[in-house]
Structures are given as C-alpha cells and as structure tokens.
Amino acid sequence: MKTKITEMLGIKHPIVQGGMHFVGFAELAGAVSNAGGLGIITGLTQRTPADLANEIAKCRDITDKPFGVNLSFLPSVNPPDYPGYLKAIIDGGVKIVETAGNNPSNWLPMLKDNGIRVVHKCTSVRHALKAQDIGCDAVSVDGFECGGHPGEDDVPNMILLPRAADELDIPFIASGGQADARSLVASLAMGAEGINMGTRFIATKEAPVHDNVKQAILKATELDTDIVLRPLRNTERVLRNKASQRLLEKEASLGADIRFEDVLPEVAGVYPKIMLDGEMDAGVWSCGMVAGLINDIPTCLELIDRIMNEAEAIITKRLTGFLAA
C-alpha cells in the first residue's frame, strides 16, 4: 500500500509506532521497522544524549530499515539537554523525528539542515496548521481516544480527522483508537495517510515491558481508562488502577487549590516501576481506549501483516461490494 506517508518516510506500510515512555526502546522500534512500519525510539526515556546514541546504534544492529526518534519538548525547571539529544539523532543518521509537546520551531532549522523529516504530534486542527506553517513535513493528529495527552478540546477522531483533511496541505497520520485493519481503512477514508499505534504495540511480543503490563491491556475494556490531571491542564488518559483512583480523589477534594506537587506520588518516576518491574499500581500510565480492541499478543510482524491483509480485504471486498449492490 502506497500513501504520501509511506513515500515520504520510505516505509512499506502506513503504520507508525508511537513514541512511548519506557516502551519505545530499540527492541520494539527495530521489530516494527523490520515488519515494514516505522519504529520509534523514545528519546527522553534515555537518561542522557550518550544513552540515546547507544540506543540508536542498538536499533541499527536490529534493522536496516528506516526508524525514527520521538523527542518531546516539555516545560521544565531543569530542561533536558535538547542540543545533546539532537546531536545524537543527527550523528546517528536518523532521518525521521517525531516531535511532541511545545512548538518545535526553535529546533527545526537544525533538523531540516540535516535532511531530517519532522512529524509533529497535534491534538487540534489549529495546532496542526501551526506545525504546517513553521515547516513540519507531516503531523500526527491525536483524537480524544488516545492514550497519553489528548489536549483540552476533547474532539474524537471521527470529527478531528476529516477536519484536519479539510484544512491541511501536508500529510497527516491518525493517532488514537488505532488497533487493526478497520482503524487503518477508516482513517484513510477520513483523509489520513497512515496510522500511529501506541497502546496496540505495547501488547506485542517484542515490546520490552513487563508481562503484567501486557496482561492489563488484554483484560481492559474500552471503559477502563481514566482522564486525569485536567485541573492542571495536563490532561492525560491512563489505564484505571489504584493510582488513578487516588489521583482523581485528590482532584475532587482539592479542587481549584490542587498543585502539581500534590500529584507527584502518582506521576513522578513511576514508569520504570510499572513498565519494567510490573508494579501495576505504582502510578498512572498512559493507555488508550483502544485497549478494548486488543485481545492477543502477536509479534510485530504478525500484527502488521494481519492489519495489511485484512485492510486489503475490507477495501477490495467489503467496500467494493457495496458499490456492486
């Protein structure tokens, strides 16, 4: 299947693995790229630029296909060494970067001067248009269904994707609620040039996370996520657990007086405990409503091949069948 995204990124299938904290390691990124999609290493999961350089080298040992690095630009009292991380990306020969968080305009010249394609994650059409205006090559449009940060507008993909198609000139990838061939075909029908899957790729054999995490996703339904941190305007969709319930109770009791310091026990430094050690109630962790559509733990190759084979069947048989009728 050829789309503007497969052509731009040099990949076989229009399927991108989302950048996920303490999930997007070389093992997963390499497996996704070997299967014909685009694997993504999560840059800030690596503690230092040197660690990121090592992870990029490790991924190169796994695959000779294109892969990218996610780099989130976040407000911080002590910001990460962004110039160092960017140098590691450039020196590692990575040609695709997924940016997220704050406007990446300060860093675009360094990326573009080194021939790097930039895909910026957006949760609204207005942000996607801004990304287009500053020179991003493509955007990933995240609907309200997505795990992680869905923004503050609460617009689901059935509305957001067609709106993006109406307004954008650059290609976009659909993110949020993506799990199977139906997701892909529907997203293409609404104007996207591919899909970004996060939660679905956690439940794969190559995902280097504790089995407790994978089993939690398999057990979950579409009703088992919580929206937290909204009072702090840092809204996040997470899998419901004891930590998310504690956090929601704090939000209810503290109301407008809540401060970030109040929620630190549920959010600070919890990802290694959850993803690597399997302590499922150690804190909150991003998970999409799409967990309700995930029922197995295939290899990345099995998953991507299944999606593409079923997507072709939907397009050539089910949809064309309606025209024949």
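Pairs from the table (K2/K95; K65/K95; K87/K112; K4/K130; K219/K273; K121/K250) lying more than 22 angstrom apart at Cα are K121/K250.
Comparing the stretch 127-175 with the 2.2 N^0.38 Å rule of thumb, its C-alpha radius of gyration ratio is 1.07 (two decimals).
Note on surface exposure: L108, L223 rank L223, L108 by accessible area, highest first, 1.4 Å probe.
Shown here for the stretch 47-138: trypsin sites (Lys or Arg not before Pro) in loop regions (DSSP other than H, G, I, E, B) with at most 13 other Cβ atoms within 10 Å, namely R47.
Rounded to the nearest whole Hz, the Karplus-based 3J(HN,Hα) values (6.51 cos²θ - 1.76 cosθ + 1.60, θ = phi - 60°) of the stretch 226-239 follow the sequence 10, 9, 10, 6, 4, x, 8, 6, 10, 3, 9, 9, 10, 6, with x at glycine and proline. For the stretch 143-284, the Cα gyration tensor yields ellipsoid semi-axes of 29, 21, 11 Å (square root of five times each eigenvalue, largest first, whole Å). The calculated P(r) of the chain, using every Cα pair and 10 Å bins from 0, goes 6, 27, 37, 24, 5, 1, 0 in percent.
So if each residue of separation counts as 0.36 nm, and I subtract the Cα-Cα distance between K2 and N295, what length gain in nm does that give?
Values: separation 293, 0.36 × 293 = 105.48 nm, distance 2.82 nm.
Fully extending the segment from K2 to N295 adds 102.7 nm.
Of all beta bridges that DSSP places with both ends in the chain, some 20 percent have antiparallel geometry. Applying the criteria of a DSSP loop state and at most 16 other Cβ atoms within 10 Å to the trypsin sites (Lys or Arg not before Pro) of the stretch 216-325 yields R233, R259.
Tell me, what % of the accessible area of the chain is carbon and sulfur with a 1.4 angstrom probe? The C+S portion of the solvent-accessible surface of the chain is 53 percent. Calculated on the Cα set of the stretch 99-143, radius of gyration then Dmax: 9.8, 31 Å. Per residue, the stretch 69-162 exposes an accessible area of 43 Å² to a 1.4 Å probe, with every protein chain left in place.
The values are calculated or read from the model by the stated rules, or taken from the named source; none is laboratory data. On a predicted model such as this, the values are computed, not experimentally measured, just so you know. Backbone-built Cβ (ideal geometry, glycine too); neighbour counts: all protein chains shown. For the accessible areas, the whole protein counts, side chains as well, though only heavy atoms, and no ligand, DNA or RNA atoms are used. Shrake-Rupley method; radii C 1.70, N 1.55, O 1.52, S 1.80 Å.
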